[in-house]
Amino acid sequence: MRPVVVAGAGMIPFERRDEDSLVGMMAVAGLNAMDDAGLGDRAVDAVYVGNMASGLFNHQVSVASALVDRLSLMPAAADRIENGPASGGSAIKNGFLAVASGYADIVLVVGGEKMREVIGPKATDIVAAMTHPSAEYIYGVTLPALAGLFTRLYMEKYGVTREHLTMVAIKNQENGLLNPYAHIRMKITMEGVLTHPQAHINSPIVADPLHLYDCCPVSDGAAAVLLTTEEIAKELNKPIVTIDGVGQATDTHTLQERSDPTDLKAVTVASERAFSMAGLKPKDVDVAELHDAFTILEIAESEHAGFFPKGEGAKALEAGETRIGGKLPINPSGGLKARGHPVGATGVAQAVELVWQLRGEAGDRQVKKATTGFSLNFGGFGNNVLAFVLRRKS
Amino acid sequence: MDIEVEAYLRPPEMYMPPYPAKVITLATGGKLVIRQVTRDVVPTLLQAVKPTLEVERDYYDIVGARLYAELLGWYRYRVRDEFCLVGQIEGLLVGIVNTRSFSPEVDISLHTLAIERGLRIGAHLFAAKMEYSIEYLGRKEVLITAESPIGFRRWMIEYGLEKRDGQHELGGATPFALTRDLYFRNKDRLVAGERPVPADLMEVAEREIIIASEDDILEKILGAKRRLVQ
């Protein structure tokens, strides 16, 4: 396989973007990535679009074809990739394979979702379409509900507390304040969302024990990366950030079929595969972007990806190891919790953040001397997971 | 001024017991002081409402224009039995709500303008004016409608309002009502605040109603749209 370089990275601020169309948002993100790469007149060979549910959210399908037309990239190949909230990660994987295999030299990967076109309960229902139709969905299961059940089990098994969950929220919202692309740019406090006698009014229960501030917002947004070969990247004169490891793994569709529902096997296996391909270990990672759609997931993923032993993630969080400036900064972008979670865009936005971090372009949230980054994009409720290892070449 | 004509045009006023100020600890840890204001501060409040007049997002323009007129009408004695509560954080005005009493039994909720967003300030202020109508003025119900779908959904989902026949005085939209029963059923979940407000917080709030700059108000309402990155 040929080495694959992320030559360009770009996104648009995640938020509620009433005035923008899905394809319009993706086009701007794509242009930002192509501009960042200094692509000029070079032709893009293929476009991969990560998008979960444009047909349901926006009554529009074939969005990859629409995007190619909007950007005048014809006759580039174009595909929409759907893998639930890991659609962005799957799109990057497909772009990676296209360049690595020699099928394409220049690939644009764009992730986008416009979720705020529908009201909150409807958005939750659309996202719940990824659950098992007859074993979960018909009983009213939603992703927050699954996350609530998972959290309760995790608390009982590993001693994670609501204080730990709130620490994740506080940390990531602080990081989001440093990220001009973040949907939520607001500092929160333990008193305001947890310990004050009336904090339950600021942060009501969503799915016990998860409260409002344990959940990511519903966002609109798009992000893009431009992938190419080392030879072309050198001509573009950009810092070389390569995708050294790609891992993907699956698990049972329903949570109830797992022998231990707190064991996120797909996270473990996808991470091991990514590290194995990169020839690295978790200890080599300088900065990580994890899929904290719910605060518990940052803690659980940090353990299952191999950064901390099981049951130790919350302790590392407590010790400040996952803050910017800590031993392993997690989600300096603010993560899904603060940057936002337009589902199809998330996996690509994670890659964008890593590229900026590894190039030293992350501004006030820059992790010092970061040369190796890791991202994890969590599909379903952990039933289809992608992991990536990115490195800055000296 | 022709006193005789003015006597016809100026509505009589019903006595309303004062609304005791309260303080709410926000998710940020910030302290939101909610207090009743008198008509003499209306010119100051209008400075904060004016920038919203051209903001289409979430119907801020219509809410702003109507609130502007209601406050001005109250200031110049052309609205009957209106009251106004404001929300301040360290003196800064972050929201305004107003209501008009229709009768000793029914209040008509007029508008909720949140200048700071994402902290439930609009929701806290809305709850405060319901608290005033139901608990302090003793109304049986408050009639409610909304211009913005966001406001409508919030009040409907959070309080489970009852539908009413007829029209709300803000126009032909379907009116809904918050009854005493609904209010007390939802109070623990939605109505926050501690009394009395500590003297230092109250002193800051009363010393001056600080109005953010027009740019700051638009930034708060429109969010990242006004930031440089696109």
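Below are the figures for this structure:
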read-out	value
Residue that is nearest to A:Phe307 (Cα to Cα), among those in region A:243-262 that are without any contact (Cβ under 8 Å) to a residue 24 or more places away in the chain and open to solvent by 40 Å² or more (accessible area, probe 1.4 Å)	A:Asp260
Residue count for region A:1-19, restricted to those that are part of a loop (DSSP other than H, G, I, E, B), within 14 Å of another protein chain (Cβ to nearest Cβ) and at pLDDT 95 or above	3
Among the candidates A:Ala78, A:Ala123, A:Ala64, residue that is touching a residue at least 60 places away in the same chain (Cβ under 8 Å) and not in a loop (DSSP other than H, G, I, E, B)	A:Ala123
2 or more residues within 16 Å of the chain's Cα centre (by Cα) and surrounded by 13 or more Cβ atoms within 10 Å (Cβ to Cβ): qualifying helices (runs of 4 or more DSSP H) within region B:1-90	B:42-49, B:60-75
Region A:182-197, residues that are surrounded by fewer than 18 Cβ atoms within 10 Å (Cβ to Cβ) and either assigned to a helix (DSSP H, G or I) or away from chain B (no Cβ under 11 Å) (or both)	A:Met190, A:Glu191, A:Thr195
Hits in region A:71-107 (condition: under 26 Å from A:Val127 (Cβ atoms), of a type outside the set (Ser, Thr, Tyr) and touching a helix residue (DSSP H, G or I) at 6+ places or on another chain (Cβ under 7 Å))	A:Ala78, A:Asp79, A:Arg80, A:Ile81, A:Asn83, A:Gly84, A:Pro85, A:Ala86, A:Gly88, A:Gly89, A:Ala91, A:Ile92
Flag if B:Ile121 is more than 14 Å from chain A (Cβ to nearest Cβ) and either open to solvent by less than 20 Å² (accessible area, probe 1.4 Å) or farther than 21 Å from B:Ile62 by Cα (or both)	no
Flag if A:Val23 is in contact (Cβ under 8 Å) with a residue 12 or more places away in the chain, part of a loop (DSSP other than H, G, I, E, B), of a type in the set (A, V, I, L, M, F, W, C) and buried (at least 22 other Cβ atoms within 10 Å of the Cβ)	no
Filter result for A:Phe275 (of a type in the set (A, V, I, L, M, F, W, C) and open to solvent by 20 Å² or more (accessible area, probe 1.4 Å))	no
Scan of region A:198-215 for residues that are open to solvent by less than 30 Å² (accessible area, probe 1.4 Å), over 17 Å from A:Met155 (Cβ atoms) and more than 7 Å from chain B (Cβ to nearest Cβ), ordered by number	A:Ala199
Residue match in region A:155-178 (condition: over 26 Å from A:Arg17 (Cβ atoms), within 14 Å of chain B (Cβ to nearest Cβ) and either more than 24 Å from the chain's Cα centre (by Cα) or open to solvent by less than 40 Å² (accessible area, probe 1.4 Å) (or both))	yes
A:Ile240 being surrounded by fewer than 16 Cβ atoms within 10 Å (Cβ to Cβ) and either more than 18 Å from the chain's Cα centre (by Cα) or more than 14 Å from chain B (Cβ to nearest Cβ) (or both)	no
Residue within region A:27-41 that is more than 14 Å from chain B (Cβ to nearest Cβ), touching a helix residue (DSSP H, G or I) at 6+ places or on another chain (Cβ under 9 Å) and within 28 Å of A:Phe381 (Cα to Cα) present	no
Residue match in region A:283-303 (condition: without any contact (Cβ under 8 Å) to a residue 40 or more places away in the chain, small (Gly, Ala, Ser) and open to solvent by 10 Å² or more (accessible area, probe 1.4 Å))	no
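The values are calculated or read from the model by the stated rules, or taken from the named source; none is laboratory data. Because the structure is predicted, anything quoted here is derived from the model rather than measured. Note that we place each Cβ from the backbone using ideal geometry, even for glycine, and neighbour counts take in every protein chain shown. Remember, those area values only see protein heavy atoms, side chains included, never the ligands or the DNA or RNA. Shrake-Rupley method; radii C 1.70, N 1.55, O 1.52, S 1.80 Å.
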